Amino acid sequence: MIKAIVLDDELAAGKWLSRKLKETGRVEVFCTLQNPLELTENLNKNHIDVVFLDIEMPEISGIELALQLSMKENAPEIIFVTAFDRYALEAFRADALDYLVKPVIDRDLERVLAKLEKRLKSHTNVTERPRSAIEKRCFSISDVNLNFPTAKCEELFLYMLLKNKQSVSKWEIIEDLWPGKGLGKGEANIRTTAFRLNQVLDKQGLDLRVKSTKGYYHFSSVFNKNEIVAVRPFPLTEDLQHIEASAVEILRQHNFLKIMEEKDYLWAVMLKEHESAYYKWAMDLVERHRDREALFLQALCYLQEQFPWKESLLAEILPLIMKLEGAVALKHFFRLQKEERSHMGIKLSQGIRALYDNLLDRSEI
């Protein structure tokens, strides 16, 4: 049974539509509202599949309200109900499922309900999948050579990849990739760019597409369109065990932070959470090479160049340099660290200085 709310500032019109919906035997009308301000409260308290929404209302237009609702997590479907048929384009931009023209006739209502049931069924197929069953795929940025036709195609692909979410709202994409363009122009840019990007993915034979659902963009499977694909920018470390390569070589290959620094996207500056994600992944990888001390040291030094403020790396590096290369190498390395940090305005902590002094004292005993 479809759970619905009807919102119309003309109470009589709203009640008439509610009665028509109930008569179909397919819709449970939770409530009939006249005030748009009451809608959010009802949606927060109850699971609602669809809102039948009037467009011309005094407090806020149905278009504006629909745009606000589409940004909510688990937003209901929107079906506009209007006395005018000139709102088709606005309905499309607001990601409404469809719209009905007053007075609503049975044929149109049947068409809209059939479309709604099909949409809700497709959502159920996705949401009922266990979280672990959502496929995760790895695209190493350094290995991606998709011959993007435009710079924006490449940027959208990297943006979706590094956002590392199941979905990203179109407003967020517009604000980051096309700032200042406005909703109409921004939406047109997204649709055109996503279309071109999907052509590239298709040409490469990849089972991956950028898809839009209710104002949110995500990666999906070609062969199973209900399957949401969560893409990782680097592989799981356990997937790399069979690779005959040093930790440094693997780190270099998958260092998307360095690649993104070269791209110089403004939005990438704000993705600080990816630094911690990469660092965690990298340390897990490096830790697996601890028994090969020389390679372990090389990997730690590589990471230390990427994360000079991580003194925990220095705490691992200094004893290894002393053990493997001796006091002269330790002194040279420590001097370079002080000079580089001085240029960056970073001071070595007393703990690291004490560790260095202790290592030298022990070498002289």
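The values are calculated or read from the model by the stated rules, or taken from the named source; none is laboratory data. Note that the structure is predicted; figures quoted are calculated from it, not measured. When we count neighbours, we look across all protein chains shown, and the Cβ atoms used for this are built from the backbone with ideal geometry, even at glycine. Note: areas computed on protein heavy atoms with side chains; ligands, DNA, RNA excluded. Shrake-Rupley method; radii C 1.70, N 1.55, O 1.52, S 1.80 Å.
Can you find a residue in region 2-17 that is farther than 22 Å from residue 110 by Cα, in contact (Cβ under 8 Å) with a residue 12 or more places away in the chain and not in a loop (DSSP other than H, G, I, E, B)? Yes, region 2-17 has at least one match.
Of the listed requirements (1) assigned to a helix (DSSP H, G or I); (2) at pLDDT below 75; (3) exposed (fewer than 15 other Cβ atoms within 10 Å of the Cβ), residue 123 misses just one: (3). Taken over region 141-157, the criterion of being modelled with pLDDT under 85 and either in contact with a helix residue (DSSP H, G or I) (Cβ under 6 Å, 6 or more places away or on another chain) or open to solvent by less than 60 Å² (accessible area, probe 1.4 Å) (or both) is satisfied by 141, 142, 144, 146. Flag set for residue 353, criterion: among the basic types (Lys, Arg), open to solvent by 30 Å² or more (accessible area, probe 1.4 Å) and over 17 Å from residue 301 (Cα atoms). Residues of region 342-361 that are modelled with pLDDT under 85 and under 16 Å from residue 318 (Cα atoms): 348 alone. What are the residue pairs meeting all of these: first residue in region 22-46, first residue of a type in the set (Phe, Trp, Tyr), second residue surrounded by 15 or more Cβ atoms within 10 Å (Cβ to Cβ) and not in a helix (DSSP H, G or I), Cβ atoms under 8 Å, and 6 or more apart or on different chains? Sorted first by the residue in region 22-46, then by its partner, the pairs are 30/3; 30/4; 30/5; 30/48. Within region 319-334, the residues that satisfy the criterion of being surrounded by 14 or more Cβ atoms within 10 Å (Cβ to Cβ) and without any contact (Cβ under 8 Å) to a residue 24 or more places away in the chain are 325, 333, 334. Among the criteria (1) closer than 25 Å to residue 275 by Cα; (2) open to solvent by 90 Å² or more (accessible area, probe 1.4 Å); (3) not hydroxyl-bearing (Ser, Thr, Tyr), the one residue 308 does not fulfil is (2).
From the list 212, 167, 220, the one residue that fits, being of a type in the set (Gly, Ala, Ser), over 20 Å from residue 266 (Cα atoms) and open to solvent by less than 40 Å² (accessible area, probe 1.4 Å), is 220. Residues that are over 25 Å from residue 260 (Cβ atoms) and touching a His at 6+ places or on another chain (Cβ under 9 Å) within region 275-298 comprise 295, 296, listed in sequence order.
Sub-7 Å Cβ pairs linking a first residue in region 52-68 that is among the polar types (S, T, N, Q) to a second residue that is part of a loop (DSSP other than H, G, I, E, B), at least 6 apart or interchain, are 61/55, ordered by first then second residue.
Taken residue by residue, region 33-49 has at least one member that is open to solvent by less than 10 Å² (accessible area, probe 1.4 Å) and part of a helix (DSSP H, G or I). Here residue 102 fulfils each of the conditions (1) at pLDDT 80 or above; (2) under 15 Å from residue 208 (Cα atoms) apart from (2). Of the candidates 302, 265, 279, the single residue that is in a helix (DSSP H, G or I), closer than 30 Å to residue 151 by Cβ and within 24 Å of the chain's Cα centre (by Cα) is 279. For residue 57, state whether it is among the aliphatic types (A, V, I, L, M), within 21 Å of residue 98 (Cβ to Cβ) and open to solvent by less than 80 Å² (accessible area, probe 1.4 Å). Yes.
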